[in-house]
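In what follows, a single structure is set out as structure tokens and then discussed.
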Amino acid sequence: MTLESLSSLERRKVVPELLQDRGDLLVVTGLGSPSYDAMAAGDNDANFYLWGGMGSSITIGLGLALAQPERPVLVLTGDGEMLMGMGALATAGAKHPRNLNIAVLDNERYGETGMQLTHTAHGVSLAELAKACNFDRTDIITEMEEIGPFRQQMQSTDAGLRFAQIKIKAENLEKVLPSRDGVHIKNRFRAHLGFQPL
């Protein structure tokens with residue numbers, strides 16, 4: 001039995017709850033459904049959507065957290081993308097920024113390529129991997145009531161390196177697409193941080 005079978009969480013309810021009252025939170029979204037989910041929860045200039053960097057959301061979020069230590073950073077990604085960028089967990093643990101949060105929406109599927117099972121469907125615990133990579137706090141979330149405490153922690157810039165594996169239902173939902181214009185996304189995000197466009 002996998003943890004997914006114990007969870008009835010719906011991704012389009014989880015993400016708005018995560019992003020509620022976000023304050024200064026900067027958000028980097030992983031390729032595919034996490035980007036659609038963040039967009040469905042409400043577009044924001046502080047969202048950096050990835051369109052072609054499969055496995056790169058954590059490294060981008062890590063760089064952002066190191067460059068902006070006074071701002072909390074959330075990487076919102078999926079289990080498929082997380083599994084393609086596993087070395088990023090070790091790098092995040094080694095650099096250990098205290099303002100970085102990683103939330104993995106784990107439906108045990110590769111949603112963008114046909115809903116094939118991922119390793120988490122076979123018992124691989126991403127939260128345990130994060131713990132082994134020197135994260136200060138790791139959670140496996142299976143109930144909506146557990147989202148609020150994680151959200152409150154991720155608002156801090158000095159609470160340590162945090163990871164949540166959020167078990168969600170395997171759903172194939174309508175895509176709510178953010179802009180596909182990478183230059184626009186980059187320049188909008190830079191402007192939000194107070195930098196001039198490149």
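Residue check, T91 against (1) among the hydroxyl-bearing types (S, T, Y); (2) in contact with a Gly (Cβ under 9 Å, 6 or more places away or on another chain); (3) surrounded by fewer than 18 Cβ atoms within 10 Å (Cβ to Cβ), all met but one. Which one?
Only one criterion is unmet by T91, namely (2).
So that you can scan it fast, the table gives a plain yes or no per residue for (1) over 14 Å from the mean Cα position of the chain (by Cα); (2) modelled with pLDDT under 95:
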| position | (1), (2) |
| --- | --- |
| L3 | yes, yes |
| V28 | no, no |
| A40 | yes, no |
| N44 | yes, no |
| F48 | no, no |
| S56 | no, yes |
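For residues that are more than 16 Å from D79 (Cβ to Cβ), of a type outside the set (A, V, I, L, M, F, W, C) and either in a loop (DSSP other than H, G, I, E, B) or at pLDDT below 95 (or both), tally how many sit in the stretch 11-26.
5
Of the numbered conditions (1) closer than 25 Å to M86 by Cβ; (2) assigned to a loop (DSSP other than H, G, I, E, B); (3) not acidic (D, E), A164 fails exactly one; give the number of that condition.
(2)
Could you count how many residues in the stretch 126-167 are of a type in the set (A, V, I, L, M) and free of Cβ contacts under 8 Å to residues at least 60 places away in the same chain? Reasoning before the result, please.
First pass over the stretch 126-167, keeping only residues of a type in the set (A, V, I, L, M): 126-127, 129-130, 132, 140-141, 144, 147, 154, 159, 161, 164, 166.
Still in the running and free of Cβ contacts under 8 Å to residues at least 60 places away in the same chain: 126-127, 129-130, 132.
Matching residues across the stretch 126-167 total 5.
Just the residues that are in contact with an Asp or Glu (Cβ under 7 Å, 6 or more places away or on another chain) and more than 19 Å from A170 (Cα to Cα), please, taken from the stretch 63-86.
Passing the criteria: R71, P72.
Inside the stretch 107-118, can you point out the residues that are charged (D, E, K, R) and either modelled with pLDDT of 95 or more or part of a strand (DSSP E or B) (or both)?
Narrowing the stretch 107-118 to residues charged (D, E, K, R): 108-109, 112.
Result: R109, single match.
Tell me which residues, restricted to the stretch 119-146, are in contact with a helix residue (DSSP H, G or I) (Cβ under 8 Å, 6 or more places away or on another chain), farther than 22 Å from A92 by Cβ and assigned to a helix (DSSP H, G or I).
A121, M144
The values are calculated or read from the model by the stated rules, or taken from the named source; none is laboratory data. Quick caveat, the model's predicted, so the values are computed rather than measured. Neighbour counts run over all protein chains shown; Cβ positions are idealised from the backbone, glycine included.
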